[in-house]
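Novice: Structure provided below as C-alpha cells; questions to follow.
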4 protein chains.
Amino acid sequence: MFDKLPDIQNSIDSRNIAIDQVGVSGIRLPITVLDREKGVQHTIGEFHITVDLRHNLKGTHMSRFIEEINNFKEGLSTRNIGNLAENIRKRFDAKNVSIFVSFPFFRIKTAPVSGVPSVMEYNCKLFFSKKKKKDIIIQVDVPVTTLCPCSKEISRYGAHNQRTIVSIAVRYRKFIWIEELIRLAESAGSCEIYSLLKRVDEKYVTEKAYQNPMFVEDVVRKLSEKLSRNERVKWFMVRAESLESIHNHNAFACIVKRKR
Amino acid sequence: MFDKLPDIQNSIDSRNIAIDQVGVSGIRLPITVLDREKGVQHTIGEFHITVDLRHNLKGTHMSRFIEEINNFKEGLSTRNIGNLAENIRKRFDAKNVSIFVSFPFFRIKTAPVSGVPSVMEYNCKLFFSKKKKKDIIIQVDVPVTTLCPCSKEISRYGAHNQRTIVSIAVRYRKFIWIEELIRLAESAGSCEIYSLLKRVDEKYVTEKAYQNPMFVEDVVRKLSEKLSRNERVKWFMVRAESLESIHNHNAFACIVKRKR
Amino acid sequence: MFDKLPDIQNSIDSRNIAIDQVGVSGIRLPITVLDREKGVQHTIGEFHITVDLRHNLKGTHMSRFIEEINNFKEGLSTRNIGNLAENIRKRFDAKNVSIFVSFPFFRIKTAPVSGVPSVMEYNCKLFFSKKKKKDIIIQVDVPVTTLCPCSKEISRYGAHNQRTIVSIAVRYRKFIWIEELIRLAESAGSCEIYSLLKRVDEKYVTEKAYQNPMFVEDVVRKLSEKLSRNERVKWFMVRAESLESIHNHNAFACIVKRKR
Amino acid sequence: MFDKLPDIQNSIDSRNIAIDQVGVSGIRLPITVLDREKGVQHTIGEFHITVDLRHNLKGTHMSRFIEEINNFKEGLSTRNIGNLAENIRKRFDAKNVSIFVSFPFFRIKTAPVSGVPSVMEYNCKLFFSKKKKKDIIIQVDVPVTTLCPCSKEISRYGAHNQRTIVSIAVRYRKFIWIEELIRLAESAGSCEIYSLLKRVDEKYVTEKAYQNPMFVEDVVRKLSEKLSRNERVKWFMVRAESLESIHNHNAFACIVKRKR
C-alpha cells in the first residue's frame, strides 16, 4: 500500500535547471568528536547538509538525509562525517555533497600559577564537501585577551584590553588535532583566557597581558607566520575580532593564504 | 459578500478558561522616539502586543492589532504607545493590555579631550501595560568600560578591563528622558565608551578607567544610591554584565528596588 | 605567598546597599540529565548562577562559583543542581541562591505510520532558587504543527499551518519527567512534529492536522485544562507562539496559573 | 601637544606579511536608502568595513573609519556608500576596500482582496567592494508561504505549508530597485505574505497557496529562470529556506549563476 502513494519529488522537471545545493539545515544531534586526551568526547552538532540536484528531477527526498544519519547506529562522529557524505552522495546519485557541522568542544585547562583545573568551551566547525575532490576545513573559535599596544604606549598607566575571538580555519595535508589549533590560537593573544583563576593567576594574566600588547593585526600576523611554516597546513584563514572595551564596536583583522 | 464568511474567533468557548495574554510578536516597524535635543528621532521598534481573552471567546482577531497600529496615520511613537494601548483595549473589549517595544536609540557624543563628535547607539525598551492601573517601565542598555579593582590592586602594572553592559529600568513619578538614564548609566562605570577616540582621548579613557576601578557590584551600588535619592523614580532595576576579558563567561550584578 | 595578595572583594563597603543578585552568566558545560528510558543522557547546559551579597561586603569571589562546579568530580547533572546550589549558598554565606540552566534534550520518536525512528531535539530549562524556601521550575519548549481553524473554515480547500513552539513550565508537588511534559506539549497542537517522515507518515500528519485545527488560544486552553487536573502540578505557565505561514510575525498566547 | 603622542600603528612591521582585511564591525547607524515610491526611507544599517594593510605597517588607525563616516554630514545612504568606500581607500592608502551593510527595509503592501494597506519589513544587504574593479551585490531576504506539492498530492485534504525565507542576491549591469527584487521573490512562492489580512484575504491566500504548491527546489528554479532572462542581471544567487511545519529543521535550496 505504501508504495502506491505518488512520488512527486521523482517526477520530471523540464526546465533544464540543475540546483547547486538542496538539503536540510538546523538539525541538532548528539555527536562524538575526537579528543586527544580522552579519545572521544560527547557534544552536540548543528548540521547543514546538501547535495546538488540534476536538472531533470523535480525534487529531493529530504527524509533520506535523516535516514542516512540514522543508519549510523553508533551515532555520528567527526570521524564518520566523510562516510556519511559518501553514503548520501550515493543514495541521491549526486555529483556534489557538502556537510557543515558546528559544535562546542570542551577542554580542561589548568590555571597558569595555581594549577587549578577548569573546563573551557570552544566553538568548532567542520566543513566537509566533495565535488570532484574531497575537501575538508576545520575551524576553531578561541577566546583570548588582547591588550592595546597604542593605549599602553600613550598612557601613564593601564591599557585597555578585551575579550577577542581568534578563529583559525585550515585545510591540512596531514591530520591536525582540534586541540593543536586551539593551543595555537591561545598562544597568539596578549594572554590566554581561563574559566577559573585564583588571585595569583589573576595577577599573572594581568601582568602577562600588559607585557605582551597585541593589536588584532599582530594576532593574525603571528598566526600567519606560524601556519605558513607548518608543513601539515596547505591553506589557512586566520581572523581576530576584539570586543573593544573602549568602543561599542569591534576591531577586526583577517588573513587567508593558500600555500604552494 | 465579505460579511458572510464565518467568524470562528467570535464563536463560543465553553471551557471557562480565560487567557492571560493573546497577541502578536516579532513585528518590526519604523517609529519615532522623543529626543531631548532634536525633538524626535527616527528609529525601528520591535513590538510584542497582547490583551487578555475572556473565557467565553474562542479566539482573538489578530489582524485588529495591526489595524490599530495602522490607524496612527502619522506613525507610531513612544508618545502614542499609551493611546495605541487604550485603543486596543477598547477594540478588543479587554481588561488588560500590554505593549512591549525595543528599539535602538542614537546620540551624538563628543570625545572627552579632542571634542570630536560621533554617534553612539543604545538599546532601549519600553514596557507599557494596563490592568487596573497603567504601568510604564523604560529601560536603557548602555555599554561602558569596567576595570577590575582586584586585578589592579594585586598586579604590578595593568589591570584587566572590558566592555560592560549597564541596564537601568525605571518606573517614574515624573517624566525622565531616555538621555538622562543613559547619562546616569555612563557615569557608573570605570569610564564611558565612545565610537570615535583620537589618541589624546584614548590616553584619557585608559588613564581614567585605571584611576577608577569598578566591580559590577560597585556599578549597581553606585546606581542604586543615585536612583534611591532621585525623587522622580519610584521603582528601579539596575544591572551590570561584564564581558570579562580574562574569562569566556560574564560577571553579573543586579539590584531591584521599590521605593516608598 | 599566595595568601599575601590583598583580598579586595573581602573589603568593607559602607554604603549599606545589599545586592539582590551577583554571579556569573554565559557558562557552557557538559551535563547529564535524567532520561526516562536510558537513565541519563549527555547534553550541554548554559548556566546563570547568582547569590545575594550582604551590604557590608565589597565584592563576590566570582571564581568560587567555578570551584563549586568543579567540586562535582562526576560532572554536573540535573540531579545535583540542588546540591550545587546548597554548596554555593554555604560557601558564600548567602541568604539566596539561584541557578538557571538551559539545555537541549534529545528523544527518539517513531513516525506515526511507518514506525521509523528518528531523534528529536527540545530546548529545556531548569530554574532552581532558594530564598526562604526551595523553588524549582522545569520548562520544555516543544515544536508542533498548528493549523488555523479560521483559514480552514472560510476556504474551499487547504488551510494555513505552521511550526508553533509550545512551552510548558511547571512547579510540581511530585516529580514529573521532562518526557511527560514534552508528550503533553506534543498532544496539544494540530499534529506532532517528527524529524523523519516517510510518505505514508506525511499523508497522516497532513490529514491529522487538517482534521484538528487549533488556534494558539486553543493550544494553551487545552494544556491549561490538563495541567489544572494534574495533581502533581502546583503551578504552571503554558505558552504557544506560532511562526505564522501567512505573516512575517508570530501569534502568541499564554496562561499562568497557581493552583490552591 | 596632541601630536607628540607616539603613533604605534604607524610604526614599521618587518615580518613582510600583508593583511587581507582590517577594520571595524558591529557598528549600527541611522541611514537612508533609496525608496522607489518615497524617494528615500529612513532605516538603520549595521556596518562591517575593512581595508587591506600593507606588509610594512604595524596597524590601522581604526578611528579613521569612524571619521570618514562622520564626514558625511548629511548622513550615510546606500547612494553614498561608494563614495565612503573611495574616501576610505584614499585615506588609508589601501589597495582594497569593502563595506558590508545590512538593514531592514519597509514597504506598504495592500491585502489581495480587501485592499487594506499594511507595512512589511524585509532584511536587505549591500556588499560593496573594490579591489582592481568595483563590485556591488545587493541582497533581499523575503518571507513567503510555500505549500508542499508532495503533501498535497498524497493527502485527501490539506497540505502542510510554512513561512519560507527567499533570498535573492544580484550583481547588475543596470540599476535594479530593491523593490523589484522583493517583488520578484514574492512572486516565487506558493503565495505572498502580508502583515494584515482580513477574512476575505485569508481565504484568498489559503486557496491560492493550495492551488500553487512549491518545493524550495521549485522556488529557486522559478527565480533562476526569470533572472537568467533578465538582461540587467549579470550574476545572481537565489536561495529558499523553509521553516517546515512538520519538522523541527528547515529545507534548503540554492542556485548561483554567473551569466556570460
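Novice: For C:C150, work out the one condition from (1) under 26 Å from the mean Cα position of the chain (by Cα); (2) at pLDDT 95 or above; (3) more than 22 Å from C:G45 (Cα to Cα) it doesn't fulfil.
Specialist: Answer for C:C150: the failing condition is (1).
Novice: On to the next question. Output the residues belonging to the range A:10-64 that are closer than 30 Å to C:I31 by Cα, away from chain C (no Cβ under 11 Å) and β-branched (V, I, T).
Specialist: A:V33, A:V40, A:I49 - these are the residues of the range A:10-64 that are closer than 30 Å to C:I31 by Cα, away from chain C (no Cβ under 11 Å) and β-branched (V, I, T).
Novice: Can you pull out every residue in the range D:205-260 that is more than 7 Å from every other protein chain (Cβ to nearest Cβ), assigned to a helix (DSSP H, G or I) and basic (K, R)?
Specialist: D:K208, D:K222, D:K226, D:R229
Novice: Can you tell me which residue in the range C:101-115 is farthest from C:I178 (Cα to Cα), limited to those that are assigned to a loop (DSSP other than H, G, I, E, B) and among the hydrophobic types (A, V, I, L, M, F, W, C)?
Specialist: Result: C:V113.
Novice: Considering the range C:40-75 alone, what residues qualify as being under 23 Å from B:D218 (Cβ atoms) and of a type in the set (V, I, T)?
Specialist: C:I49, C:T50, C:V51, C:T60, C:I66
Novice: Among the residues of the range D:104-127, is any more than 23 Å from D:A188 (Cα to Cα) and in contact with an Asp or Glu (Cβ under 8 Å, 6 or more places away or on another chain)?
Specialist: Checked against the condition, which is being more than 23 Å from D:A188 (Cα to Cα) and in contact with an Asp or Glu (Cβ under 8 Å, 6 or more places away or on another chain), the range D:104-127 yields at least one hit.
Novice: Next question, about the same structure. Would it be correct to say that D:V22 is in the same structural domain as D:K73 (by TED's automatic domain parsing) and in contact with a Cys (Cβ under 9 Å, 6 or more places away or on another chain)?
Specialist: yes
Novice: While we're here: Could you tell me whether the range C:28-42 includes any residue that is part of a strand (DSSP E or B) and more than 23 Å from C:F106 (Cβ to Cβ)?
Specialist: Step one: of the range C:28-42, the residues part of a strand (DSSP E or B) are C:28-35, C:39-42.
Now restrict to residues that are more than 23 Å from C:F106 (Cβ to Cβ): none.
The answer is no, given that none of the residues of the range C:28-42 is part of a strand (DSSP E or B) and more than 23 Å from C:F106 (Cβ to Cβ).
Novice: Check the range C:62-72 and report whether any residue there is buried (at least 22 other Cβ atoms within 10 Å of the Cβ) and in a strand (DSSP E or B).
Specialist: no
Novice: Can I ask one more? Across the range A:231-260, what is the number of residues that are touching a residue at least 40 places away in the same chain (Cβ under 8 Å) and of a type outside the set (D, E)?
Specialist: Count: 13.
Novice: Which of the residues spanning the range D:183-196 are assigned to a helix (DSSP H, G or I) and among the aliphatic types (A, V, I, L, M)?
Specialist: D:L184, D:A185
Novice: Being within 19 Å of D:S155 (Cβ to Cβ) and in the same structural domain as C:T146 (by TED's automatic domain parsing) is the requirement here; does C:N248 meet it? Give the steps one after another, and end with the answer.
Specialist: Working: within 19 Å of D:S155 (Cβ to Cβ): no; in the same structural domain as C:T146 (by TED's automatic domain parsing): yes.
Judged against the criteria, C:N248 is not a match.
Novice: Among the residues of the range A:197-204, is any in contact (Cβ under 8 Å) with a residue 60 or more places away in the chain, part of a helix (DSSP H, G or I) and either surrounded by 24 or more Cβ atoms within 10 Å (Cβ to Cβ) or more than 8 Å from every other protein chain (Cβ to nearest Cβ) (or both)?
Specialist: yes
Novice: Can you pull out every residue in the range D:1-58 that is within 30 Å of A:K257 (Cα to Cα) and under 19 Å from the mean Cα position of the chain (by Cα)? Even if it seems obvious, please write down each step before you answer.
Specialist: Filtering the range D:1-58 down to residues within 30 Å of A:K257 (Cα to Cα) leaves D:7-27, D:46-58.
Within the range D:1-58, D:S25, D:G26, D:I27, D:E46, D:F47, D:H48, D:I49, D:T50 meet the criteria.
Novice: Taking the range D:132-152 as the search range and keeping residues that are aliphatic (A, V, I, L, M) and surrounded by 20 or more Cβ atoms within 10 Å (Cβ to Cβ), which one is nearest to D:N212 (Cα to Cα)? Outline the logic, then answer.
Specialist: First pass over the range D:132-152, keeping only residues aliphatic (A, V, I, L, M): D:136-138, D:140, D:142, D:144, D:147.
Of the ones still in play, those that are also surrounded by 20 or more Cβ atoms within 10 Å (Cβ to Cβ) are D:138, D:140, D:142, D:144, D:147.
Numbers: D:I138: 28, D:V140: 23, D:V142: 18, D:V144: 12, D:L147: 7 Å.
Filtering the range D:132-152 for residues that are aliphatic (A, V, I, L, M) and surrounded by 20 or more Cβ atoms within 10 Å (Cβ to Cβ), the one nearest to D:N212 (Cα to Cα) comes out as D:L147.
Novice: Follow-up. Mind listing whichever residues of the range C:121-161 are without any contact (Cβ under 8 Å) to a residue 40 or more places away in the chain, part of a loop (DSSP other than H, G, I, E, B) and either closer than 30 Å to C:V233 by Cβ or of a type in the set (A, V, I, L, M) (or both)?
Specialist: Across the range C:121-161, the qualifying residues are C:K131, C:K132, C:K133.
Novice: May I ask you to list the residues in the range A:197-231 that are within 23 Å of A:E153 (Cα to Cα) and of a type in the set (K, R)?
Specialist: A:K203, A:K208, A:R221, A:K222
Novice: So which of D:S98, D:S118 ends up being under 16 Å from the mean Cα position of the chain (by Cα) and either in a strand (DSSP E or B) or within 20 Å of D:H42 (Cβ to Cβ) (or both)?
Specialist: Checking each option against the conditions leaves just D:S98.
Novice: Still on this structure: Pull up the range A:121-147, narrow it to residues that are at pLDDT 95 or above and within 14 Å of chain D (Cβ to nearest Cβ), then point me to the one that is farthest from A:Y172 (Cα to Cα).
Specialist: A:L147
Novice: Checking C:T164 against (1) touching a residue at least 24 places away in the same chain (Cβ under 8 Å); (2) in a strand (DSSP E or B); (3) farther than 25 Å from D:P149 by Cβ, only one condition comes out false. Which one?
Specialist: (3)
Novice: Tell me whether the range B:83-95 contains one or more residues that are without any contact (Cβ under 8 Å) to a residue 60 or more places away in the chain, of a type outside the set (F, W, Y), touching a strand residue (DSSP E or B) at 6+ places or on another chain (Cβ under 8 Å) and part of a strand (DSSP E or B).
Specialist: No; the residues of the range B:83-95 include none that is without any contact (Cβ under 8 Å) to a residue 60 or more places away in the chain, of a type outside the set (F, W, Y), touching a strand residue (DSSP E or B) at 6+ places or on another chain (Cβ under 8 Å) and part of a strand (DSSP E or B).
Novice: Still on this structure: So C:R36 ticks every box in (1) basic (K, R); (2) in contact with a Phe, Trp or Tyr (Cβ under 7 Å, 6 or more places away or on another chain); (3) closer than 24 Å to C:K131 by Cα but one. Which box is left unticked?
Specialist: C:R36 satisfies every listed condition except (3).
Novice: To continue, here is another question. May I ask you to say which residue of B:S155, B:S167, B:S102, B:S129 is crowded, with 21+ Cβ neighbours inside 10 Å and polar (S, T, N, Q)?
Specialist: Selected residue: B:S155, the only one of B:S155, B:S167, B:S102, B:S129 that is crowded, with 21+ Cβ neighbours inside 10 Å and polar (S, T, N, Q).
Novice: Looking only at the range A:148-176, count how many residues are touching a helix residue (DSSP H, G or I) at 6+ places or on another chain (Cβ under 6 Å) and more than 7 Å from chain B (Cβ to nearest Cβ).
Specialist: 2
Novice: Scanning the range C:177-196 for residues that are surrounded by fewer than 24 Cβ atoms within 10 Å (Cβ to Cβ) and more than 14 Å from chain D (Cβ to nearest Cβ), which turns out nearest to C:R156 (Cα to Cα)?
Specialist: C:S187
Novice: Inside the range D:78-88, can you point out the residues that are of a type outside the set (S, T, N, Q) and crowded, with 18+ Cβ neighbours inside 10 Å?
Specialist: D:I81, D:L84, D:A85, D:I88
Novice: Let me ask something additional. Name, by its number, the condition in (1) surrounded by fewer than 18 Cβ atoms within 10 Å (Cβ to Cβ); (2) touching a residue at least 40 places away in the same chain (Cβ under 8 Å); (3) small (G, A, S); (4) away from chain D (no Cβ under 11 Å) that does not hold for B:G75.
Specialist: Single failed check for B:G75: (4).
The values are calculated or read from the model by the stated rules, or taken from the named source; none is laboratory data. On a predicted model such as this, the values are computed, not experimentally measured, just so you know. A quick note on method: Cβ atoms are made from the backbone with ideal geometry, for glycine too, and the neighbour counts reach across all protein chains shown.
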